[in-house]
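A.B. asks: Input: one structure, supplied below.
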Amino acid sequence: MNKAVYIQTYGCQMNQYDSERIVQVLARHGYDPTERIDAADLILLNTCSVRDKAEQKVYSALGSWKEYKNNRDGVIIGVGGCVAQQEGANLLKRVPHLDLVFGTHNIHKLPQMVEQVQESRARPVEIAFYRDPGYMEDADGRTEVRGVKAFVTVMQGCNKVCSFCIVPHVRGRELSRPSFKILAEVESLVAKGIVEVMLLGQNVNSYGKLTHGELSFADLLARIDAIDGVRRIRFTTSHPQDLSPELIEAFATLDHLCEHLHLPVQSGADSVLARMRRGYTRDEYLSRIERLRERRPDVALSTDIIVGFPGESDLEFQQTLELLKQVQYDEIYSFSYSPRPQTVSAKLYDDDIPSEVKSHRLQTVQALQRQISLLKNRQRIDKLEEILVDGRSKLKNGQVMGRTRGNRIVNVLPVRITGATANSLIGETYSDRPYLNSQLLKGDMA
Ligand code: SAH
Ligand code: F3S
């Protein structure tokens, strides 16, 4: 009989994707995924260390998992992802009931590590980085595909030096998968019913740059766009410095590339951007957005903002607010700065913005963005949008949800089939609260 694996995932889309890979790799070794931690033979935590008290969160989750080991015989507990990469064997020292630790490049080693634990009660740690992108390659063997959307990794790691960011330290240097592997994977996903692919990488814009003769990211997009059956392409995430004219052009010319770009700006003040070592000024960023909007006027934009970076003055913070007003993003993800191990900003600067000031600034950007998002959403009323339905609405009112090409969530009424002819079915909407969404929007304004 197969064994059961339970995975808890923290963090970004790359981590969600890595968890999918973990499930696939283990499936070939007789493990079925389970939603019930108390029924699992193997319990895994896929961790994120990009912000905040990531390490404490991991230690406390692991602490609470001890009981599962006491409950059942032979339960194995493992930690993977960025905190595993960062902490390595320290995790084993601090958590006596932990069996194994695997880093961000070592998912393919997991079955072998589990065997080691079973056979010799060893406590393996695998956190080596590889210089060959081959370690990403078991994705081809996806056994099962659920739904209509899939992640596809195109590159991993990052060669940028943003002073606040731990990613290059825990995900390693930039490595691109060979394009023929990516194209083959997309083709096989389409054959299994996938219509939307989300291409993943820490900085997808630099795809292929380090591999002689490889396609550029814009060329890769064009090849994927031409695959029969691909209806939608998205990607994340992009560094503004590498938003090339070719990539901007792709938004104007590729039919299936969705008109949405996530372009993290982090701050609206040149002085802060310089301390962050982002490699662009506010004006350079804005002029790229301007060029993109010239070529694709309806493009939806989202961004990441950090508030309370060391030394951020009120004036500098105001410049971030001004930037949000100027760009009119559809959506932002905003974070309070937190110093991360090994990063340049943690070494060079005191974390000198008091936490009350950080949280006040965070609330201020979020409140401003709520107004902007509402305005932008209202501008869409009466527009025709194509949505790809992919789940139940979070409003739990019987509606289903989908996303527009511009990545906006739309909640839609399902229908009850009330009649049938030989050629078609007749449907009636059945939600008893059809105006719930517009009420929510009004509530937001109040
Ligand atoms: N590769 C991406 C994102 C990496 S991390 C990029 O190019 O931007 C995702 C987001 O987390 C970042 O964009 C940043 O806004 C935020 N972040 C990263 N390190 C942080 C830190 N030390 N404190 C607060 N937020 C941070
Ligand atoms: Fe991090 Fe900057 Fe790379 S935010 S992932 S170092 S582009």
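A.B. asks: Based on other C-beta atoms within 10 Å, arrange F309, F317 from fewest to most.
C.D. replies: F317, F309
A.B. asks: So which aspartates and glutamates can K149 reach, going by Cα to Cα under 12 Å and dropping same-chain residues fewer than 8 places off?
C.D. replies: Reachable aspartates and glutamates: E196, D390.
A.B. asks: Explain nothing, just compute: Karplus ³J(HN,Hα) = 6.51 cos²θ - 1.76 cosθ + 1.60, θ = phi - 60°, for every residue of the range 50-65 in order, whole Hz, x for Gly and Pro.
C.D. replies: Each residue of the range 50-65 in turn: 6, 9, 6, 8, 4, 5, 4, 4, 5, 4, 6, 4, 5, x, 6, 8 Hz.
A.B. asks: Mind listing the phi-derived Karplus ³J(HN,Hα) values for the range 328-335, rounded to whole Hz, using 6.51, -1.76 and 1.60 with θ = phi - 60°, and x for any glycine or proline?
C.D. replies: So the Karplus estimates, Gly and Pro as x, are 6, 5, 7, 7, 10, 10, 10, 9 Hz.
A.B. asks: Related question: Counting each DSSP H run of 4 or more residues in the chain as -39500 (n - 2.57), what helix-only mean residue ellipticity at 222 nm follows after dividing by all residues, to the nearest 500 deg cm²/dmol?
C.D. replies: On the way: 16 runs with 166 residues, N = 446.
Value at 222 nm, helices only: -11000 deg cm²/dmol.
A.B. asks: Here's something else I'd like to know. With springs only between Cα atoms under 10 Å, which of I77, I381, I224 fluctuates most in a Gaussian network model of the chain?
C.D. replies: Among I77, I381, I224, the largest mean-square fluctuation in the Gaussian network model of the chain belongs to I381.
A.B. asks: Under the rule of at least 5 residues apart or a separate chain, name every residue whose amide H is placed under 5 Å from the amide H of S336.
C.D. replies: The list, which skips near neighbours in sequence, is V307.
A.B. asks: List the lysines whose Cα sits under 17 Å from the Cα of K66, skipping any in the same chain fewer than 8 residues away.
C.D. replies: K57, K93
A.B. asks: May I ask you to list the aspartates and glutamates whose Cα is less than 12 Å away from that of K358, ignoring any residue fewer than eight positions away on the same chain?
C.D. replies: Within the straight-line cut-off, K358 pairs with E312, D314.
A.B. asks: When Rg is the radius of gyration of the Cα atoms in the range 215-348 and Rh is its Kirkwood radius, what does Rg/Rh come to?
C.D. replies: 1.02
A.B. asks: Now for a separate question. Compute the Cα gyration tensor for the range 3-126, then decide on rounded, prolate or oblate, letting a ≥ b ≥ c be the square roots of its eigenvalues: rounded whenever a/c is under 1.5, prolate when a/b is larger than b/c in the other cases, and oblate in all that remain.
C.D. replies: Verdict is rounded for the range 3-126.
A.B. asks: Ok, one more. What is the range 124-235's relative contact order, in percent, from Cα pairs under 8 angstrom and six or more apart in sequence? Display every interim value, and only then the final one.
C.D. replies: Numbers: 151 pairs, mean separation 32.8, N = 112.
Relative contact order for the range 124-235 comes out at 29 percent.
A.B. asks: How much of the DSSP bridge set in the range 257-411 is antiparallel, in percent, rounded to the nearest 5?
C.D. replies: Antiparallel bridges: around 45 percent, rounded to the nearest 5.
A.B. asks: Order by neighbour count: D225, D41, D352, fewest other Cβ atoms within 10 Å first, most last.
C.D. replies: D352, D225, D41
A.B. asks: For a quick check, take a GNM of the chain with Cα springs below 10 Å and name the residue from S334, S267, S287 with the largest mean-square fluctuation.
C.D. replies: Highest fluctuation among the options: S287.
A.B. asks: Using the count of nearby Cβ atoms within 10 Å as a rough guide to exposure, how do C258, C12 rank from fewest to most?
C.D. replies: C12, C258
A.B. asks: While we're looking at this one, here's another question. For the range 157-192 and the range 319-369, write down the distance between their C-alpha centroids in whole Å.
C.D. replies: Going from one Cα centre to the other spans 27 Å.
A.B. asks: Additional query: List every residue whose amide H lies under 5 Å from the amide H of G80, counting only residues 5 or more places away in sequence or on a different chain, with H placed 1.01 Å from N in the peptide plane.
C.D. replies: Sorted by chain and number, the residues that satisfy this are L45, N46, T47, F102.
A.B. asks: Connecting C-alpha atoms closer than 10 Å in a GNM of the chain, tell me which of Q366, Q16, Q326 has the biggest fluctuation.
C.D. replies: Looking only at Q366, Q16, Q326, the biggest GNM fluctuation is shown by Q326.
A.B. asks: Over the chain, calculate the relative contact order: mean separation of alpha carbon pairs under 8 Å at least 6 apart, over the residue count, as a percent.
C.D. replies: Across the chain, relative contact order equals 9 percent.
A.B. asks: Tabulate in residue order the Karplus-calculated ³J(HN,Hα) for the range 158-171, using 6.51 cos²θ - 1.76 cosθ + 1.60 with θ = phi - 60°, rounded to whole Hz; enter x for Gly and Pro.
C.D. replies: Karplus-based 3J(HN,Hα) across the range 158-171 equals 8, 9, 7, 10, 4, 5, 8, 9, 8, 3, x, 6, 10, 10 Hz.
A.B. asks: Further question on the same structure: Can you tell me, using C-alpha contacts under 8 Å and at least 6 residues apart, the relative contact order of the range 151-293 as a whole percent?
C.D. replies: 23
A.B. asks: Moving on. Taking the Kirkwood radius as the inverse of the mean 1/r across Cα pairs, report the Rg/Rh of the chain.
C.D. replies: We get a ratio of 0.97 for the chain.
Readers should treat all values here as calculations from the given coordinates under stated rules, not as data from a laboratory. No experiment lies behind these values; they were computed from the predicted model shown. In this analysis, Cβ positions are derived from the backbone assuming ideal geometry, glycine residues included, and neighbour counts consider all displayed protein chains.
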